[in-house]
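Enquirer: There's a structure below that I have some questions on.
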Amino acid sequence: MSNQKQIQWFPGHMTKAKRQMEENLKKVDFVIEIRDARIPFSSKNPMLENLIQNKPRLIILSKRDKADPKASDLWKKALEKENCTVLTLDLIHDSYFKVLVEKANEICSALIEKQKRRGIRPRALRAMVCGIPNVGKSTFINTLAKRKAAMTADRPGVTKSLQWIKLSSSLELLDTPGVLWPKFDDQDIGIRLALLGSIRDEVVNIEELAMYACKWCLDTKPGLLASIYQVDETTPWQTLENIARKRGYLQKGQIDENRLVRSFVKDIREDKLGPLTWELPDDQ
Ligand SMILES: Nc1nc2c(ncn2[C@@H]2O[C@H](COP(=O)(O)OP(=O)(O)OP(=O)(O)O)[C@@H](O)[C@H]2O)c(=O)[nH]1
Ligand SMILES: [Mg+2]
């Protein structure tokens, strides 16, 4: 197996996006931070804390349908304990316009009160939608707008520039490109982000992702791989080899390692192993 290499990914458009987000921050009343419900810790952008300063914030845990529902409840409670407002959503299928407007009004109640006191008719609330690549920022906006206002795709780095979308007389949203931070101190964070599609496959080692995922399944969910693939669970690499043999991923009698690791990572991304959450809050 190859040595672990440190995943670093901070292409040019992200530096620009970060600067544009800073510039636009003064135009918004609150920030909507989208994180992936399968990795609410790893998909939190540490740069964001600094960037958004004291703007009110709503956290959305996206891809609810791909995460373990019990873990999502634990995460919601843990984040609420830190005084965050949290919504856990399937951004494609849930209908959440009403609840979003309610939460927006709650979060911005001080501003709304101030406007009322001054006799100003409350204007539409404005929010910047932020998050790392591929968490569903543009999907969120499109579902709310009921049209394809923003481009989406299942790969990181789709949105390249900032775009305002007026949803109604009460809410306007600013779509932003996904931003990562320059260096991951914790190797596991980079691997989880890559495994679930927030870092381009071109810059990561797929074999390392497959090994990590297999080991995680064996340690955390014993019996899961045995039941999904009908194989014996042994060491991570042997278990992967068992899957390859079962699936017939062979080339001239040898295991086709490339096909094996790619198909295993694909299975995970497509939820073939069922809904999984890869990390729990600290106190669990
Ligand atoms: N199953 C599921 N898929 C989702 C959900 N939200 C988004 N997706 C999918 O995730 C992929 C990425 O969605 P985008 O909306 O393009 O993500 P983004 O955050 O705008 O990504 P960048 O612009 O690259 O930063 C797309 O294939 C969406 O269909 C969700 O709640 N559930
Ligand atoms: Mg986007």
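Enquirer: Counting alpha carbon pairs within less than 8 Å and at least 6 residues apart, what relative contact order, in whole percent, applies to region 12-175?
Expert: Dividing the mean separation by the residue count of region 12-175 yields 25 percent.
Enquirer: Determine which residues of region 229-244 fall in the zone a paramagnetic label at residue 259 would reach in this model, i.e. backbone nitrogen under 20 Å from the point 7 Å along Cα→Cβ.
Expert: 229-232, 237-244
Enquirer: Please order 32, 165 by the number of other Cβ within 10 Å, starting at the fewest.
Expert: Ranking 32, 165 by Cβ neighbours within 10 Å, fewest first, gives 165, 32.
Enquirer: Now a separate question. Would you work out the charge dipole size for the chain about its Cα centre, treating the Cβ of every Lys and Arg as +1 and the Cβ of every Asp and Glu as -1, and quote it to the nearest 20 debye?
Expert: Roughly 1520 debye, rounded to the nearest 20.
Enquirer: Okay, moving on. Given the options 156, 261, 187, identify the residue whose Cα lies farthest towards the positive end of the charge dipole of region 134-276 (+1 on Cβ of Lys, Arg; -1 on Cβ of Asp, Glu).
Expert: 156
Enquirer: Please give the FRET efficiency for residue 113 paired with residue 272, using the beta carbon to beta carbon distance and R0 = 30 Å, rounded to the nearest 0.05.
Expert: 0.05
Enquirer: Then there is this: With a/c under 1.5 counting as rounded, go ahead and sort region 12-175 into rounded, prolate or oblate using the C-alpha gyration tensor (a ≥ b ≥ c being the square roots of the eigenvalues; past the cut-off, prolate if a/b is larger than b/c, else oblate).
Expert: It is rounded, given that a/c, with a ≥ b ≥ c, falls under 1.5.
Enquirer: For region 205-269, what does the alpha-carbon gyration tensor say about shape, rounded, prolate or oblate, given a ≥ b ≥ c as the root eigenvalues, a/c under 1.5 as rounded, and a/b over b/c as prolate?
Expert: oblate
Enquirer: Also: Using Cβ contacts closer than 10 Å as the measure, can you line up 259, 118, 192 from fewest to most?
Expert: Listing 259, 118, 192 from fewest to most nearby Cβ atoms yields 118, 259, 192.
Enquirer: Kindly put 261, 158 in sequence by how many other C-beta atoms sit within 10 Å of each C-beta, fewest to most.
Expert: The most exposed by this proxy come first: 158, 261.
Enquirer: List the aspartates and glutamates whose Cα sits under 16 Å from the Cα of residue 44, skipping any in the same chain fewer than 8 residues away.
Expert: 33, 36, 80, 82, 185, 186, 188, 279, 282
Enquirer: Over 21 Å between Cα atoms: which of 76/148; 66/272; 55/148; 146/272; 16/183 fall into that group?
Expert: Result: 76/148; 55/148; 146/272 exceed 21 Å.
Enquirer: What's the FRET efficiency of residue 164 with residue 252 using the Cβ-Cβ distance as r and R₀ = 51 Å, to the nearest 0.05?
Expert: My answer for the efficiency is 0.35.
Enquirer: For region 12-175, what is the charge dipole size about the Cα centre, in debye to the nearest 20, if Lys and Arg each add +1 at the Cβ and Asp and Glu each add -1 at the Cβ?
Expert: 520 debye
Enquirer: Go ahead and run the numbers for FRET between residue 27 and residue 151, Cβ-Cβ distance against an R0 of 25 Å, rounding to 0.05.
Expert: 0.65
Enquirer: Residue separation times 0.36 nm, minus the C-alpha to C-alpha distance between residue 200 and residue 124: what's the value?
Expert: 23.7 nm
Enquirer: Shifting gears a bit: Taking only C-alpha pairs under 8 Å that are 6+ residues apart, what is the relative contact order of region 9-84 in percent?
Expert: Answer for region 9-84 is 33 percent.
Bear in mind these aren't lab numbers, they're just calculated from the coordinates by the rules spelled out. Predicted model, so just to flag it, every value in this text is computed and none were measured. Please note: Cβ atoms are built from the backbone with ideal geometry, for glycine as well, and neighbour counts cover all protein chains shown.
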